[in-house]
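The values are calculated or read from the model by the stated rules, or taken from the named source; none is laboratory data. What you see is a predicted model, and the numbers here were worked out from it, not measured in a lab. Neighbour counts run over all protein chains shown; Cβ positions are idealised from the backbone, glycine included.
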Amino acid sequence: MLDDLIAQLRGADGLERAEASNRLKELADSQTLARLAEVARDPEADPLGRRDAIHLIAGAQEPDAGALLRGLALDARAPSDARCRAIVALAGREPAALDAAADALARDRDAAVRATLVTQAGRLPRERAEAFARGALADESRDVRSAAGLPIQQLRLATLVGPLVAAIAKLPLELGAEVNGGNWARAEEEDALLRGLRAVASDEPDFRRAVTPILARLVARAASVWAYDAEQGLLTGRDAAEVLAVTGVERGQIAGLEAILRDPAVEPVIRHAIVEALARSRQ
C-alpha cells in the first residue's frame, strides 16, 4: 500500500495526489517519512508532489522529521524548489536546526537557496539574522539582495542602515522604461530594500547622515508615477516619501518636494508624507 501511495504522490494527477497525501498523513511513521523524503528529492516527481511530501514531513510528530528536512535543505543534488521549501519548513518547525545549517546554506551555489535562508533569518537569533542580512546585501544575486529587506524590516535592524543605503545607491536610477516594459525585477529589488529602510527610519542624526547620499533618489521616487502601483504591490514611492518625512531634505532639494505637491496625480499617502518632509526640511 505504501508503494502505491508514494507513486500517486509523485504523479501529476491532482486528485490522486490529494488522496495519497491524506492517506500518508495517517501513516506518518519513520518509514513513511523516509519515503516522503525520497519523493522530495526526486527531480522526476511532480513539483506539487515534492511540495506535499515536504508538508507531510514538516507536520509529522516523528522526532526525525527535522533531521530529514535539514538533510534535504543541504542536499545540493535535490531540486531547488524542494530545498527552498525544506528551509521554510525547518524554520517553522525547528529554528535551532536551521541555525545549525545556516552557515552552509549562506554559501550555497544556488541563489534561490541563499535567498530563502535570508527570508527566514528573522527566526534565528538576532545577531545571526543581522549577519546573514548584511551578507545578503552584498550578494551577487538580485533575489538574495532583495530578500535582505525582510529580516531588516521584521527585526528593525537599524545597525544595517549603512550597508542598506549603499545597496540602494548602487541601483540604476532609471525606472520608468523597465516598469513600462513589464520588467519588474529591478523595481522589486529597490522596493524590498526601501521597505527595510522605512522600517528602521528614525529622526536620529546618525540616520539622517546615513541616508543623505540617496536623498535625491528618494525625492525622485516619491515623484515618479512608475514607483507606486498598489495593485502590483510596488510601494517604492510611498516608502521613499515616508523616509523623507522622517529625514527631511537638503535646502537645494526643497523645490523637488514642492513640485510633488503641485502634481494632482500624486497619491494621497505620498502627498501626506511629503507635507511632513517639507515641514521637517524647514525646521
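Candidates in segment 192-232 are the residues that are of a type in the set (V, I, T) and assigned to a helix (DSSP H, G or I); of these, the one that is surrounded by the fewest Cβ atoms within 10 Å (Cβ to Cβ) is T212. Residues in segment 107-121 that are crowded, with 19+ Cβ neighbours inside 10 Å and assigned to a helix (DSSP H, G or I): 8 in all. Apart from one condition, A73 fits all of (1) modelled with pLDDT under 95; (2) surrounded by 16 or more Cβ atoms within 10 Å (Cβ to Cβ); the exception is (1).
Here V246, V200, V211, V275 are screened, and the one residue that is within 19 Å of the chain's Cα centre (by Cα) and within 26 Å of R156 (Cα to Cα) is V200.
Find all pairs meeting these conditions: Cβ atoms under 7 angstrom apart; at least six residues apart or on different chains; first residue within segment 70-84 and under 8 Å from R41 (Cα atoms); second residue of a type in the set (K, R). Filtered contacts from segment 70-84: L72/R41; L72/R83; A78/R41; P79/R50; A82/R41; A82/R50.
Test R128 against the stated conditions and say whether it is part of a helix (DSSP H, G or I), of a type outside the set (S, T, N, Q) and farther than 25 Å from I54 by Cα. So R128 fits the description; yes. Before we move on, is G59 surrounded by 18 or more Cβ atoms within 10 Å (Cβ to Cβ), over 21 Å from the mean Cα position of the chain (by Cα), more than 21 Å from R145 (Cα to Cα) and not basic (K, R)? Answer is no for this residue.
Restricting R83, R50 to those that are closer than 25 Å to G11 by Cα, within 21 Å of the chain's Cα centre (by Cα) and surrounded by 16 or more Cβ atoms within 10 Å (Cβ to Cβ) reduces the list to R83.
Would you check if A277 is under 14 Å from L215 (Cβ atoms), at pLDDT 95 or above, assigned to a helix (DSSP H, G or I) and in contact with a Gly (Cβ under 7 Å, 6 or more places away or on another chain)? Judged against the criteria, A277 is a match.
For segment 38-46, the criterion of being assigned to a helix (DSSP H, G or I), under 15 Å from D81 (Cβ atoms) and of a type in the set (A, V, I, L, M, F, W, C) is satisfied by at least one residue.
D139 meets all of the listed conditions (1) in contact with a Pro (Cβ under 7 Å, 6 or more places away or on another chain); (2) assigned to a loop (DSSP other than H, G, I, E, B) but one, namely (1).
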